[in-house]
Structures are given as structure tokens and as C-alpha cells.
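Just below is one structure, and these are the notes that go with it.
The values are calculated or read from the model by the stated rules, or taken from the named source; none is laboratory data. Not measured: the values here are computed from a predicted model. These area figures cover heavy atoms from the full protein model, side chains too; ligands, DNA and RNA do not enter into them. Shrake-Rupley method; radii C 1.70, N 1.55, O 1.52, S 1.80 Å.
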Amino acid sequence: MTTEMEGLTDIATGALAAHAVDRRKAGHTSGDHETGLCLNCQTELSGPYCHACGQSAHTHRTLLGFGHDILHGVFHFEGRVWHTIPMLVMRPGELTRRYINGERVRFISPVALFLFMVFLTFAVLNFGPSADVNAKLDTAALNTKIADAEAQRQTLETSRKALIAQGQPTEAVDAQLSVNTKTLDTLRSAHTADHGAPTKEMLDQVHTDIEPLNKILHKLAENPSLFFYKLQSSAYKFLWLLIPISLPFIWLMFAWRKDVALYDHAVFATYSLSAMMLLMVVLHLLSLAGVPDAIYGWAMVLLPPFHMYRQLRGTYGVSRFGGLWRVAFLLVSAGVSSLIFALLLIEMLMAH
């Protein structure tokens, strides 16, 4: 129940954050001041909205009005969600191109939509038995047991060294160490199953020819349980990094075109990432409803490149062939971007 409530809170938080980023006007806030001075910037009013800052001349100071603002922010997005989401799914290229060309009032901005989808994705993924940590074992209690077992191991190893220095037998301590090792293995396996995380032993076996990468992996291997706990609780705060990471790859596909700006690529990337998160949300809900895993797998394989193709052609006006080779390039660059993001995430989360 706690997980579901946290999920609902995340959805509400995301909607309110997106609403705050996306709103163009201050909205309905009580009183009737269509003449006189704007209460926000003191500009003389000549209609229902201030022509200087956009604030409504009608302001409120009632609890009912405050409640309306909350519901409006969470559920309505000023009505633009119903224009934006269907186009994001069915005509992503047209949506991106129209927004770039200046149609801003009709649609949710890419940043606002991205914020909302981040919160929505992590909230929805917390629903269902596969994501309910409490259904398996309380994470905090499990971490405490692991820490206690590790502390006991250090004590036993210290005692063993002291016995060896004194020339005394170590069979009793060795037996306790053996039991401690089995206990730690069991606890770490439970934690791994709980988080879907690799164990320290698995990570220790990973080596590459890139020394900086090895250092990052070694840092992860020191405490994988802690990393995956932090990943589950706070990774969504860093998802925005995917946007600047992906921009150089998108720019490479159109480096010779003078009619395309980096802003266009940023809008394309942000809407595309929002669409991928929406796909994850829908597929997760369908899996909870009993949709076979085969359908889920094929959808994850086929739908992203198809969506990329539609968005590329509609946004940049490329040919069929131009869209196809760019989709292949985007899929490869998405993998590289994800790797860069993962390495940055490990560095940031394990630095604290």
C-alpha cells in the first residue's frame, strides 16, 4: 500500500511540476480587476490578462480556488494534454515540427511533458508484485542484516589473525567464518533477487581495456547493493542528462543542413524520450493485466524504431531511405548514450 501511495504522489508531483514549467499565464487566481493595475507587475490592465506578464486579472484568495489549482495542475494541464499525447503517439514528427515552428499554446512543451513522464514512469513501475519491495523483504532491514554480518566477519578475521600470531589453533573461528560466509551469500542473494542487481562477485569479473571504465565498475563492485538501492530511489532525478548526451549524435545526422538548429534536435530528443517512457508505462500496465511476455518483447523491439522513423520523417522532412538509415544510427547512438548515462549515474550515485 505504501508503494502505491508513493506512486500516486509521484504522479501528482510530476503533473504539478510540469504544469509549473509549462504554464504561459498565471491562471485563474479571485477578485475582479480587469481595469486598474496588474497585481503581479503593476502594469495598467486593458483586458482579462496583463499584456506584459500574462497574469490573469481575476485572482482568488479562497481555499476552494486553491483546491481548483491543484486539481487543474494534476489532471488538466490546461487541456493541452489531449492535443499533445495523441499526436506524440500517432504523429510524432508533425507534433515536433509544429512545436518547433512556433505552435506553443496548443501543445505541452517538451520539457513539461518530459518531467511529467519521468514521474509517471517511476510511479507506475512501482505498481505490481514485481516492483513491490516490501512483498519480498524490507530493504532497510536487509541492508542492516548485511552490514551486521559484514561487521561480524571483520571481527572474526581479526580474532583469527590474533590466534595465528599467538600460535593457537583457529578451528573454532574458521567454523564461525564458514557460517558467516554462507549467511552473507544468502543475504546478498536475497538482495540481488530483490533488486535484480548483479552481485559483487559478478562485477569483479568484469574487465575492459578502458581503465577509467574499470575504475567506475570497481567502484560499483565495492557496494552494488547500495548502488541499486540508490538507483531505485533517486535515478529519475538524473534522467534529464539523456537529453544533452543524445544531442551530439542527433546533430551528426544533420551536420550538413543549415536549416536545422540544435534547438530543433533538443525538441526532437525530448519528445522522443517522453514517447519511449510512455511506451514503458503502457506495456507495464498491460503486463500487469496479463498480456503475454512475447507480445511485450516484440512491442519493445518493433515500436521504438517505428516511432523514431515516423518522428524523423515528420520533423526533418527526410526521404524513406534517409529515415531508415537514421533510425539505424539512432538505435546505435541510443545504446552508446545509455552506456554513457549509466557510467555517469554510477559515478554520481556512488560519490555520495
List D264, D259, D185, ordered by accessible area with a 1.4 Å probe, largest first: D259, D185, D264
Potential lengthening between D148 and I295 on full extension [0.36 nm per residue; Cα-Cα distance subtracted]: 48.5 nm
Accessible area of the stretch 285-335 belonging to carbon and sulfur atoms, whole % at 1.4 Å probe: 74
Area of V105 that stays accessible when all protein chains are in place (1.4 Å probe, Å², to 10): 110
Accessible-area order (highest first, 1.4 angstrom probe) of the listed residues L285, L64, L163: L64, L285, L163
Accessible area of R104 in the full protein assembly, 1.4 Å probe (Å², nearest 10): 70
Area accessible to solvent at Y296, 1.4 Å probe radius, in Å²: 80
Tensor-based shape of the stretch 268-348 (alpha-carbon gyration tensor, a/c under 1.5 rounded, otherwise prolate or oblate): oblate
